[in-house]
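These notes are about the structure you will find just below.
The values are calculated or read from the model by the stated rules, or taken from the named source; none is laboratory data. Here the structure is a predicted model, which is why all the values come from computation and not from measurement. Every residue, glycine as well, gets a Cβ built from its backbone with ideal geometry; the counts of neighbours run over all protein chains shown. Each accessible area value is taken on the protein alone, full model and side chains, heavy atoms only, with ligands, DNA and RNA left out. Shrake-Rupley method; radii C 1.70, N 1.55, O 1.52, S 1.80 Å.
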Protein chains: 4
Amino acid sequence: MYKAIIVGAGRLGRIHGINLKNTGMVEIVGVVNPSKEKGMKLASELGAIYFNDFQSSLKAMKPDMVIIASPMNTHANLIIESAENGIHVFTEKPMGINSNENSKIVSSVQKNKIKLQIGFQRLYDDSFINAKRLLDSNAIGRPLIAELISRDPTPEFLPYLPYPGAIYDDFVIHDFATLVSFFGFKRMTVYSTALAFSFPQYKEAGDYDNTLVNVKYYDGPLVNIDTSRCSKYGYDIRLEVLGENGLLKVENVTDYQTFVYKGDSVTHPPYLWFEDRFRDAYRREIEAFVKAVMNDERTFPDEVFGMQVGRISDAAKKSALEGVPVTVE
Amino acid sequence: MYKAIIVGAGRLGRIHGINLKNTGMVEIVGVVNPSKEKGMKLASELGAIYFNDFQSSLKAMKPDMVIIASPMNTHANLIIESAENGIHVFTEKPMGINSNENSKIVSSVQKNKIKLQIGFQRLYDDSFINAKRLLDSNAIGRPLIAELISRDPTPEFLPYLPYPGAIYDDFVIHDFATLVSFFGFKRMTVYSTALAFSFPQYKEAGDYDNTLVNVKYYDGPLVNIDTSRCSKYGYDIRLEVLGENGLLKVENVTDYQTFVYKGDSVTHPPYLWFEDRFRDAYRREIEAFVKAVMNDERTFPDEVFGMQVGRISDAAKKSALEGVPVTVE
Amino acid sequence: MYKAIIVGAGRLGRIHGINLKNTGMVEIVGVVNPSKEKGMKLASELGAIYFNDFQSSLKAMKPDMVIIASPMNTHANLIIESAENGIHVFTEKPMGINSNENSKIVSSVQKNKIKLQIGFQRLYDDSFINAKRLLDSNAIGRPLIAELISRDPTPEFLPYLPYPGAIYDDFVIHDFATLVSFFGFKRMTVYSTALAFSFPQYKEAGDYDNTLVNVKYYDGPLVNIDTSRCSKYGYDIRLEVLGENGLLKVENVTDYQTFVYKGDSVTHPPYLWFEDRFRDAYRREIEAFVKAVMNDERTFPDEVFGMQVGRISDAAKKSALEGVPVTVE
Amino acid sequence: MYKAIIVGAGRLGRIHGINLKNTGMVEIVGVVNPSKEKGMKLASELGAIYFNDFQSSLKAMKPDMVIIASPMNTHANLIIESAENGIHVFTEKPMGINSNENSKIVSSVQKNKIKLQIGFQRLYDDSFINAKRLLDSNAIGRPLIAELISRDPTPEFLPYLPYPGAIYDDFVIHDFATLVSFFGFKRMTVYSTALAFSFPQYKEAGDYDNTLVNVKYYDGPLVNIDTSRCSKYGYDIRLEVLGENGLLKVENVTDYQTFVYKGDSVTHPPYLWFEDRFRDAYRREIEAFVKAVMNDERTFPDEVFGMQVGRISDAAKKSALEGVPVTVE
């Protein structure tokens, strides 16, 4: 049995912890969280010991793997510290919050020869897996234009501490990961416009709640990424790719299939919130991580992928803040 | 921990066994199956002991509950024997294969005060649960006309030993259960036509592979049940109810949401096969059974429900075989 | 230019009159209607002369064709009188209101060698035309089971004077026409249940507002016809045929394609009312009738087709009124 | 009766000519076309006289209105010449092919007090009309993000003589018109990327066949326009607007509603080609033009609207050619 420590006792720390335990290959030995109450609760649920402090947990438990589900600005240090102790890491997205952090992470991961996997769970969703398989098998020919659409229900409180352009690192990053997975990392020009509509705190901090990102690959395709945190109609994750020979679509997913027709309206089952929409994807990505560690295989998506995604995020932030197109090569 | 024995080591025996184990409340202590190899395999997977014979398993293991997933003509004896030993029973559908068997079952269950639950898992599907909740909350008003549609992919081998009208007990029974659950058991006239298109063995045995059943409740609604074992486009379970104030629909479910458009065709994700379509429903019904046993609550659907459903099935068999409407009161 | 007389100045008289005029081949010379005001209004719109009386209009105008859009119990006499004067007839459905009337009509039409076409406009709808073409080209193989669904919005006043089972002649007749067109006229057993839910006048008169008709062709398919006059969600005309190799569907049609999503509901464009849903079909059937007259070709659907459809309607009426299956051969 | 001259005997000249004639208010007195054969054919169909030359047609027929459906680089001169003769003009899009031409047109139209209407027929489509009505009635609240998607089937020959960025004037102009109609003409920044994938002639001429246009209104919304001439799955015109309170969508339209399901594919009715998709819209816009002339009302969309749309098109051309965002105020 592998020993694992969970850092962060929020929703995703809990989801990953349970999925890890259910693989039957891993014992959760520690939960690290600043708030004791929340940390103790998850530790108890997972049969683990609670730690207030990451370093103490490493010393005490000598884990084989660490699962990072803490705020995004803490990821880089936690990854590097784990790497230097020879511990494999599964981290929630983003890897670091800029390319500078990401460079240091890649160096440390590669020097210390640990496995790193990033939690871009959308790449483990069966609709997206099927879409990519179809694209790769040339079902629609060469891609010409693509639309990636991601919309979160309006949160009742801010999901993170905003800084200029933070939405690209926290939210749009999923679409950048899809972009790299579907179309590769090649010379591209990135242009983004953005606005803060609903959250004055975002506006004050130079952050946004709605963005459009135009990505031009030099040999195609042209890609538009449309994101909003202001959806009142539910969670909505879609993709469409126009290829030379047809159109590939991933449609949104609803909770069940019961409808009531009343003439001018249909009662509509709710769209699934991310924990449900991606329930299977969260399980699969953790299983893939454990399998990669067991068989000493390459993880997906790994630190190089994370570095590339971060480069695009940096370009989009710069573009939105300065109003200019930014070329990534 | 409750101790349970699984009778029948086929697909459903395995599904129920795993779900039962995953409740955390039940230990699977025995698997009964005529074929030793198959029985041993499931017993090993569930951490149980293999038995060739039901009575020996009861004597040896003294279980609290029995899960019956053996051929339908064996259900009645197994249920009655369990009841006489004071053991709770979850049985796959149908309860017995005619009203004569069902009467004996109901007597024995009630005399011995055991819990009986029947595996009409469709009633635990979230789309059907939501549909019933909407109907009961008067979302469409009084029901006028309903359509129940159930289609199985053509099997490569016969799913059971046919006898005259066996399809009503084995397959249409799910729709009869939905009928009773949605519209109650009241005076009704049942008329059924049926044909054996694809399986000459069915025709020879007086059985069918396609049926229509017209059910007229005397105070409404009128209900049509459309079933076929000859679907080449996949599994398809639907319902629609026209009410005084609107239309209620349960649509079919697809496996994922990736589509390719090519001008005159769309690549279509496969419809889910019953094990996947009803994966959550199978889990929920077993959890409900364990909960009913624990809390000494009424099971759903119980032996009285099973008796009512069997009365309708008998009427439909008689109608198809004799070509006349049959009234059930 | 052919000369035509329109009998009946209601909605369908007007639709047929305008379509006839727009062919550019026909002059509307007379409009016959009992109410003078309504008749004058349509006559003026079509540039025709108003007549209170059919015979006078024939004498005065010596028309080449008559369009019958008057109440259904007047059709037989009008057709026969036209036939005896050698005038071609396009009549709204039904042809006559029972097989007795229909026999006389067929004799008279054939003796006098006129063209008769019946207004089963659904057979000229492009979705139904395409469905039939696909069925005939073996797209789904041999048909096994079919569902025909027809629902009218609840009318605010009674659409006709009810008599026992009149709904079969007035409304279900469209589905019987689809049945004969798609699956032919062969030995079949017809069984129908019906109820009068919304209109006490129907109940008193022995008529119905909701029906189910089970039709068993002896060599297949099994067909269910589901009709209701009590739809609160709009007009809804659908068809599905399960064949050996796949499923053929005609879905309902909406007015436009604008939707608003609000989380648990979708604003839904209204379903088209029959005048709009079948606007092109009404035009096509009249054009086909004029073409048949011009080229001395067979009409579709003709008096023999009408006779067959009427036989099925009579069987369904008898079945609903007496509660027994009725065989048609 | 008004007298009208049609300039251009192509598909749209014919559509407009027939619709104009069908209003019953207008006589088509002349058809102008460089190719005599094509011009004579349409003239004969419309009961008009053929002219090789526009000025001769004006002198000879003294029309009240001119319908321009000739190549886009001829529009400006034809409009101005008509205006100077006091003749009302309906012109196919675009008005002129740049803001310089458009200024001259606006001056001439306003000085000579004629009516000008531009053929942005999408604004007369019932789905788009309903969408705008819903937006204006605050059905989704303040608009945050919008997607406009327009895809043409790959043409077998080039639809026009290409010049740098001509696609914006010929094709994307429809989306710019929708933009102005839905969100107004206010300070905005326009950024466009584009590629020539399928037509080497476009590439050589500095033109494109696929474009993305990012439009940022300063007080919102953010709008993405996605266009392609390379659709192999058919014509596809869609819109979606995310508002503060919900999502508004215009979905694509199919030809009929017949489907065949085969397990992993659905036979899909073709998407309507523009002449069919917008058949009613073409009729409505001509009727609106005639009504505006009759009642001396303002046309929609008029020359000021056309000027605004042209300013956005110029900005998008400049952005695509120079790779920079362009602000329009």
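Observations on the model:
- Strands (runs of 3 or more DSSP E) wholly inside the stretch B:22-105 that include at least 3 residues being small (Gly, Ala, Ser) and touching a Phe, Trp or Tyr at 6+ places or on another chain (Cβ under 6 Å): none
- Exclusive hit being over 23 Å from B:Arg142 (Cβ atoms) and open to solvent by 20 Å² or more (accessible area, probe 1.4 Å), set B:Lys232, B:Lys249: B:Lys232
- Members of the stretch A:299-329 that are within 14 Å of chain D (Cβ to nearest Cβ), in a helix (DSSP H, G or I) and open to solvent by 60 Å² or more (accessible area, probe 1.4 Å): A:Lys318, A:Leu321, A:Glu322
- Criterion (under 26 Å from B:Arg122 (Cβ atoms), at pLDDT 95 or above and crowded, with 19+ Cβ neighbours inside 10 Å) met by exactly one of B:Ile68, B:Ile18: B:Ile68
- Test: B:Ala292 is assigned to a helix (DSSP H, G or I), touching a residue at least 24 places away in the same chain (Cβ under 8 Å), within 14 Å of chain C (Cβ to nearest Cβ) and open to solvent by less than 30 Å² (accessible area, probe 1.4 Å): no
- The residue of the stretch A:186-201 that is nearest to A:Val215 (Cα to Cα), among those that are of a type in the set (Phe, Trp, Tyr) and within 10 Å of another protein chain (Cβ to nearest Cβ), is A:Tyr191.
- Restricting attention to the stretch A:41-63, the residues that are more than 26 Å from the chain's Cα centre (by Cα), open to solvent by 70 Å² or more (accessible area, probe 1.4 Å) and at negative phi total 3.
- All conditions in (1) of a type outside the set (S, T, N, Q); (2) surrounded by 22 or more Cβ atoms within 10 Å (Cβ to Cβ); (3) at pLDDT below 95 hold for A:Leu161, with the sole exception of (2).
- Checked against the criterion of being within 17 Å of the chain's Cα centre (by Cα) and surrounded by fewer than 23 Cβ atoms within 10 Å (Cβ to Cβ), the stretch B:187-198 contains not a single residue that satisfies it.
- Sole exception among (1) assigned to a helix (DSSP H, G or I); (2) at pLDDT 90 or above; (3) away from every other protein chain (no Cβ under 14 Å) for C:Glu275, by number: (2)
- Being facing another protein chain (nearest Cβ under 7 Å) and touching a residue at least 24 places away in the same chain (Cβ under 8 Å) is a description that applies to A:Pro270.
- For D:Asn224, the test of being within 25 Å of C:Thr267 (Cβ to Cβ), in a strand (DSSP E or B), within 9 Å of chain A (Cβ to nearest Cβ) and of a type in the set (S, T, N, Q) is passed.
- Taking the numbered list (1) closer than 22 Å to D:Glu275 by Cα; (2) not in a strand (DSSP E or B) in turn, D:Gln201 passes all entries but (1).
- Among the residues listed as D:Tyr218, D:Tyr256, the single one being of a type in the set (Ser, Thr, Tyr) and under 30 Å from A:Leu212 (Cβ atoms): D:Tyr218
- Of everything in the stretch B:242-257 that is under 21 Å from A:Thr254 (Cα atoms) and in a strand (DSSP E or B), the residue that is farthest from the other protein chains (Cβ to nearest Cβ) is B:Thr254.
- Any hit, the stretch C:110-120, residues being within 30 Å of C:Glu244 (Cα to Cα) and crowded, with 16+ Cβ neighbours inside 10 Å: yes
- Test result for B:Glu81, of a type outside the set (Gly, Ala, Ser) and in contact (Cβ under 8 Å) with a residue 60 or more places away in the chain: no
- Enumeration of residues in the stretch C:106-122 that are away from chain D (no Cβ under 14 Å) and not in a loop (DSSP other than H, G, I, E, B): C:Val106, C:Ser107, C:Ser108, C:Val109, C:Gln110, C:Lys111, C:Leu116, C:Gln117, C:Ile118, C:Gly119, C:Gln121
- Scanning the stretch D:130-175 for residues that are among the polar types (S, T, N, Q) and either in contact with a helix residue (DSSP H, G or I) (Cβ under 8 Å, 6 or more places away or on another chain) or not in a loop (DSSP other than H, G, I, E, B) (or both), we see that the one that is farthest from the other protein chains (Cβ to nearest Cβ) is D:Ser150.
- Take the conditions (1) away from chain C (no Cβ under 14 Å); (2) modelled with pLDDT of 95 or more; (3) closer than 24 Å to D:Val215 by Cα; (4) surrounded by fewer than 22 Cβ atoms within 10 Å (Cβ to Cβ); D:Gly86 misses just one of them, which is (3).
Conditions tested, residue by residue: (1) over 23 Å from B:Ser319 (Cβ atoms); (2) assigned to a loop (DSSP other than H, G, I, E, B); (3) more than 14 Å from chain C (Cβ to nearest Cβ).
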site: B:Leu212; (1), (2), (3): no, no, no
site: B:Phe259; (1), (2), (3): yes, no, yes
site: B:Gly263; (1), (2), (3): yes, yes, yes
site: B:Val266; (1), (2), (3): yes, no, no
site: B:Ala281; (1), (2), (3): yes, no, yes
site: B:Glu285; (1), (2), (3): yes, no, yes
site: B:Glu297; (1), (2), (3): yes, yes, yes
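- Residue in the stretch B:202-209 that is under 30 Å from B:Asn138 (Cα atoms), surrounded by 24 or more Cβ atoms within 10 Å (Cβ to Cβ), within 14 Å of chain C (Cβ to nearest Cβ) and not acidic (Asp, Glu) present: no
- Listed by first and then second residue, the pairs with beta-carbon distance under 6 Å, at least 6 apart or on different chains, first residue in the stretch A:94-110 and of a type in the set (S, T, N, Q), second part of a helix (DSSP H, G or I) and open to solvent by 50 Å² or more (accessible area, probe 1.4 Å), are A:Ser99/A:Arg311.
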